[in-house]
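Notes follow the structure.
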Amino acid sequence: MLDHTAATALYDPKDPCNEAVAAFYVQASGGLGNLYAPVLSLTARDVERPGLLGYIKELRFIRLEAFDTDTDTDTAVTATELLRFGHSWAAVHAIHAARPSAAHPAGRFLLTLTPKAYAGTGVQGGHPDQ
């Protein structure tokens with residue numbers, strides 16, 4: 001799972017972490033795992049980095065993860081709690097998507113340039129250089 005910071009690094013070839021994040025994409029393209037990106041996280045970040053969402057959407061080996069509050073009201077409740085604790089919308093969807101769920105009982109690893117931002121959220125996050 002890529003959060004908005006990792007997706008931005010992949011989008012920007014001048015970012016110092018671009019190659020490290022790109023290595024995860026190359027692994028996914030070789031069938032060595034799956035990469036997901038929470039669409040709401042990318043949407044929120046696209047405001048600051050126009051073109052980010054469109055770029056990630058076009059990458060063949062990254063699947064966009066929907067933010068579905070229509071069928072899962074717990075999603076909305078969780079989002080509200082996280083927003084009250086000061087997390088941005090970009091982080092909220094990444095946290096929600098990476099936490100354990102019925103589809104992913106162990107949760108999903110979150111690739112981020114800011115792992116400390118996810119401390120105490122129930123998410124296992126790591127920097128691509130580590």
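Accessible area per residue for the chain, computed on protein heavy atoms with a 1.4 Å probe, is 56 Å². Over the residues of the chain, the helix contribution to mean residue ellipticity at 222 nm works out to -12500 deg cm²/dmol, using -39500 (n - 2.57) for each DSSP H run of at least 4. Using θ = phi - 60° in the Karplus curve 6.51 cos²θ - 1.76 cosθ + 1.60, the 3J(HN,Hα) couplings for region 27-41 round to 4, 4, 5, x, x, 9, x, 10, 10, 10, 9, x, 4, 5, 4 Hz; x is entered for Gly and Pro. The amide H of GLY125, built 1.01 Å from its N in the peptide plane, has LEU110 as neighbours under 5 Å, considering only residues 5 or more places off or on other chains. Couplings for region 94-104, taken from phi via the Karplus curve 6.51 cos²θ - 1.76 cosθ + 1.60 with θ = phi - 60°, read 4, 4, 4, 6, 8, 5, x, 8, 4, 6, 9 Hz in order; Gly and Pro are left as x.
So how do 41-48, 76-83, 112-119 stack up, highest first, on mean other-Cβ count within 10 Å? Walk me through the numbers on the way to the answer.
Working: 41-48: 19.9, 76-83: 14.1, 112-119: 16.5.
Descending mean neighbour count gives 41-48, 112-119, 76-83.
Leaving out ligands, DNA and RNA, what percent of the accessible area of the chain is carbon and sulfur, probe 1.4 Å?
Working: 3860 of 7220 Å².
Looking at the chain in its full context, I get 53 percent from C and S.
Annotation: amide H of TYR36 within the under-5 Å range of LEU2, ARG63, sequence separation 5 or more or interchain, hydrogens built in the peptide plane. For region 1-118, the alpha-carbon coordinates run over 37, 31, 26 Å along the three principal axes, in decreasing order.
Simple spin-label estimate for ALA76 and LYS57 gives 2.5 nm between the two label positions (7 Å along the Cα-to-Cβ direction from each Cα).
Stretch ASP68-GLN124 to full length: gain in nm at 0.36 nm per residue minus the Cα-Cα span?
Working: separation 56, 0.36 × 56 = 20.16 nm, distance 2.18 nm.
Length difference between fully extended and current span is 18.0 nm.
The values are calculated or read from the model by the stated rules, or taken from the named source; none is laboratory data. These figures come from a predicted structure and were not determined experimentally. Every residue, glycine as well, gets a Cβ built from its backbone with ideal geometry; the counts of neighbours run over all protein chains shown. Areas reflect the complete protein model, heavy atoms only, side chains present, ligands, DNA and RNA absent. Shrake-Rupley method; radii C 1.70, N 1.55, O 1.52, S 1.80 Å.
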